[in-house]
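The values are calculated or read from the model by the stated rules, or taken from the named source; none is laboratory data. This one's a predicted model, so the numbers in the text were calculated from it and none came from an experiment. Neighbour counts run over all protein chains shown; Cβ positions are idealised from the backbone, glycine included. Surface accessibility is based on the protein's heavy atoms, side chains included, excluding ligands, DNA and RNA. Shrake-Rupley method; radii C 1.70, N 1.55, O 1.52, S 1.80 Å.
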Amino acid sequence: MTDSTPPPGGIAGLDDLMIETPSWAYGNSGTRFKVFAQRGVPRDPYEKIADAAQVHAFTGAAPTVALHIPWDKVDDYAALAEYARSLGVGLGAINANVFQDDDYMLGSVTNPDPGVRRKAIDHLLECVDIMDATGSRDLKLWFSDGTNYPGQDDIRTRQDRLADALAEVYERLGQHQRMLLEYKLFEPSFYTMDVPDWGTSFAHCVALGPKAVVCVDTGHHAPGTNIEFIVAMLLRAGKLGAFDFNSRFYADDDLMVGSADPFQLFRIMHEVVRGGGLDPATAVAFMLDQCHNIEPKIQGQIRSVMNVQEATAKALLVDAPALKAAQDTGDVLGANAVLMDAYNTDVRPLLAQWREDKGLSADPIAAYKASGYFEKIVAERVGGTQAGWGA
């Protein structure tokens, strides 16, 4: 843009941006060295959902909460789903956990022991059963499987085991259910990860079929990786299923999304807008996997939602015709200027008005702090065991 006039439509496309929050983000978390306890932390999945409902109440953009099994295991998942509905939210993706049991030291679905592989696959199938009970669409899979040393196991054989396990679970999915296959460059395995990058995830998803799609965790790449290129490629191929939004300075930091590199988040959301990823028909799930140790839990989730909204609003302000004209004529600096004009726009007044038009507070953080909810849960949540990593 050459002036401050928003393009036709402005940020109206923001109405289609819904961001799922993770249940585990409301519990105690920490670094590799220490898990820090905070006041008012949930003691069970019901209290996690109550906290997630607060994020939606103040942002109007977080209508679902993801569950992690067995961290969020309950006797009656249909009742849990009904409780969520009573608070104005729904249950979203079901996240499987095949990385914490001692049996999984050498892997889960790629473990050389067929008994361990069977245990892991049975857990994934259990998660599909839970999806049936909750009405969830997405099964999200992340595997810690890999090796630490050359020669420890056969790389190709592990891929065969992975493919076999994914195929069995894929066949169990219902007509309207999907498999989201997440990848991670390293950690906890350091020589090979069995799903280390988007290409590996993409290859398995293509082999499986249309119900298998890639999940991009923004903190799971090597330094300097062009994540927006990955997003553009997956959108082009119809295989971008979901984001796990967070931010990193060094590795898998799980910081509030946009906190380390807001310009990168803008570039990612520009490709999302450019590729039609905000259209509900593309079924891209925007989820947070922000869960760190020092920020207040609910406020941290609200801030992450707001950061994604700000980046998206700027992406929606990109003058697409002017950008294309500059690109088509080889105007290198002109094309870059169109993007930078949108990025440098202060969208906070536009977002404040957008929220007020929806009956929300212009400042979700201030409204939450003034609501008294935090003081209420600190007083009520006394006794029991606080939820945290692994619970």
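The table below lists the values:
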{"read-out": "Odd one out for Trp198, checked against (1) among the aromatic types (Phe, Trp, Tyr); (2) in contact with a strand residue (DSSP E or B) (Cβ under 7 Å, 6 or more places away or on another chain); (3) more than 23 Å from Leu255 (Cβ to Cβ)", "value": "(3)"}
{"read-out": "Condition met for Asp252 (of a type in the set (Asp, Glu), out of contact with any strand residue (DSSP E or B) (no Cβ under 9 Å at 6 or more places or on another chain) and surrounded by fewer than 19 Cβ atoms within 10 Å (Cβ to Cβ))", "value": "no"}
{"read-out": "Scan of the range 31-60 for residues that are at pLDDT below 95 and within 22 Å of the chain's Cα centre (by Cα), ordered by number", "value": "Thr31, Arg32, Val35"}
{"read-out": "Members of the range 119-147 that are open to solvent by 20 Å² or more (accessible area, probe 1.4 Å) and within 18 Å of the chain's Cα centre (by Cα)", "value": "Arg137, Trp142"}
{"read-out": "The listed residue being closer than 23 Å to Ser201 by Cα and open to solvent by 20 Å² or more (accessible area, probe 1.4 Å), out of Ala260, Ala242, Ala281, Ala285", "value": "Ala281"}
{"read-out": "The range 58-67: number of residues that are more than 16 Å from Gly300 (Cβ to Cβ) and either crowded, with 24+ Cβ neighbours inside 10 Å or among the small types (Gly, Ala, Ser) (or both)", "value": "2"}
{"read-out": "Total residues in the range 167-188, condition out of contact with any Ser or Thr (no Cβ under 6 Å at 6 or more places or on another chain) and part of a loop (DSSP other than H, G, I, E, B)", "value": "9"}
{"read-out": "Residue match in the range 105-112 (condition: surrounded by 19 or more Cβ atoms within 10 Å (Cβ to Cβ) and assigned to a helix (DSSP H, G or I))", "value": "no"}
